[in-house]
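These notes are about the structure you will find just below.
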Amino acid sequence: RPGGGGGYAFFTKELAERDLQERIMTLDLSRALAGNDFEFAFQPIFRRADRAVVAIEALLRWTNRRTGEMVPPARFIAAAERSGIISRIDHWVFARVAAYVSGLVTRGIAPPLTMINMSPLTLEEAGFIAGIDQILRKFPDIGGHLCIEITEGVMVDDRVRLRETFRKLGDRGIRTAIDDFGTGQTSVALLRDIPVGFIKIDRSYVAGLETDPQAMAIVATIVRLSRDLGIRVIGEGVETQEQLSALETAGCDLIQGYLWSRPIAAAEVEALLERADATDPPTATHPVSDR
Ligand code: C2E
Ligand code: MG
Ligand code: MG
Ligand code: MG
């Protein structure tokens, strides 16, 4: 900064402080992996027409044992991506969720799909598919029950590579989804290039539906385009009845958000799945079709 020696010193001090904090968090995260200190919350995804649970999304929860603090994923995932520990976390998550879904299959209450969030950085790693195969060999009954979500906002440039990886996942019966759709730069071109089963319309668009007429036009266009491409659309972050109605008008038939369910504990989601199974077997077991 011109003439701002003090400001410069302050700036580097801030950076050093952040760097230190991230190093500490990375150490805490690697200890958490070793100690299995993570848990999951599960958020259902509903079919709007009859409120059947068509999928659940696994959301990571971490209580830092050293500080006793519950750290939101928005904070530790970004730090994990910067430090590189993210791929270890993502593989751990995949293995744990695979084991969990395998148990649900055995009990006859598995939802049609379970969505797992992953960083695009993990998908780009050389050993990624080999790691997935290793876990699939342990749980051969979960094929077709899993979907990997990656966030469009941080998607990187190696399209060819990503397309290959998505195709290989598809070969293994694993579906793919683009999360937070609409937050990146290249949404539409991406859908044309890459084999994707689902997109999740980012909640900023869903929130805009009540107040912004343009948001309605955008969402309706995304839904129509996706349908033409054989892609299923999920509206995420649905908090109000008005947003739900607007999504219906736009033709979006899969819903996720606080209005119908917050992320809930495993026991609660199992109760929900058991109930759905008891009252309406066809909807609980009907596969979510994609292309
Ligand atoms: P995401 O995948 O887009 O997940 C949706 C986030 O929005 C979740 O936050 C969820 O609790 C929250 N949410 C759901 N419905 C509503 C709603 O109606 N209103 C509002 N305001 N929020 C809602 P969460 O659990 O804190 O996760 C934040 C992000 O962290 C996720 O965004 C995902 O990108 C990432 N993440 C979570 N678990 C994992 C994981 O296992 N691996 C990786 N790589 N990333 C993860
Ligand atoms: Mg997600
Ligand atoms: Mg996300
Ligand atoms: Mg999202």
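Measure off, as a whole percent, the carbon and sulfur share of the 1.4 Å-probe accessible area of segment 68-163, all protein chains present.
The nonpolar share, carbon plus sulfur, comes to 56 percent.
Mind checking which lysines have their Cα closer than 25 Å to the Cα of residue 138? Skip sequence neighbours fewer than 8 apart in that chain.
168
Roughly how many Å² is the accessible area per residue of the chain, as a whole number, for a 1.4 Å probe?
Averaged over the residues of the chain, the accessible area is 49 Å².
Show me, for segment 114-125, the HN-Hα J-couplings you get by feeding each phi into the Karplus relation (A = 6.51, B = -1.76, C = 1.60, θ = phi - 60°), rounded to Hz, glycine and proline as x.
Residue by residue, segment 114-125 yields 10, 9, 10, 7, 9, 6, x, 4, 5, 5, 7, 6 Hz.
Please determine, in degrees from 0 to 90 and to the nearest 10, the orientation of helix 266-279 with respect to the longest principal axis defined by the Cα atoms of the chain, where the helix direction is its Cα long axis.
Its long axis makes an angle of about 10 degrees.
Any idea what the dipole of segment 1-138 comes to, in debye rounded to 20, about its Cα centre with Lys/Arg Cβ at +1 and Asp/Glu Cβ at -1?
For this selection, approximately 300 debye.
Using a 1.4 Å probe, how large is the accessible area of residue 105, given in Å² and rounded to the nearest 10?
Rounded to the nearest 10, the figure is 40 Å².
Against the longest principal axis of the chain, how steep is helix 213-229, in degrees 0 to 90 to the nearest 10, with axes from Cα atoms?
Here the helix axis deviates by roughly 70 degrees.
With angles folded into 0 to 90 degrees, how steeply does helix 86-107 sit against the dominant principal axis of the chain? Use alpha carbons for both and round to 10.
It works out to around 20 degrees.
Work out from phi, with θ = phi - 60° and the Karplus expression 6.51 cos²θ - 1.76 cosθ + 1.60, the ³J(HN,Hα) of each residue of segment 68-84, listed in order in whole Hz, and give x for Gly and Pro.
So the J values, rounded to whole Hz, are x, 8, 7, 9, x, x, 3, 8, 7, 5, 4, 5, 5, 5, 5, 8, x.
Quick one: length gained pulling residue 14 to residue 34 fully straight, 0.36 nm per residue minus the C-alpha distance?
Residue separation times 0.36 nm, minus the Cα-Cα distance, leaves 4.2 nm.
Could you give the distance between the Cα centres of segment 97-150 and segment 34-68, to the whole Å?
14
The values are calculated or read from the model by the stated rules, or taken from the named source; none is laboratory data. Please read all numbers here as calculations on a predicted model, not as lab measurements. Heads up, the Cβs are rebuilt from the backbone with ideal geometry, glycines too, and the neighbour counts pull from every protein chain shown. Note: areas computed on protein heavy atoms with side chains; ligands, DNA, RNA excluded. Shrake-Rupley method; radii C 1.70, N 1.55, O 1.52, S 1.80 Å.
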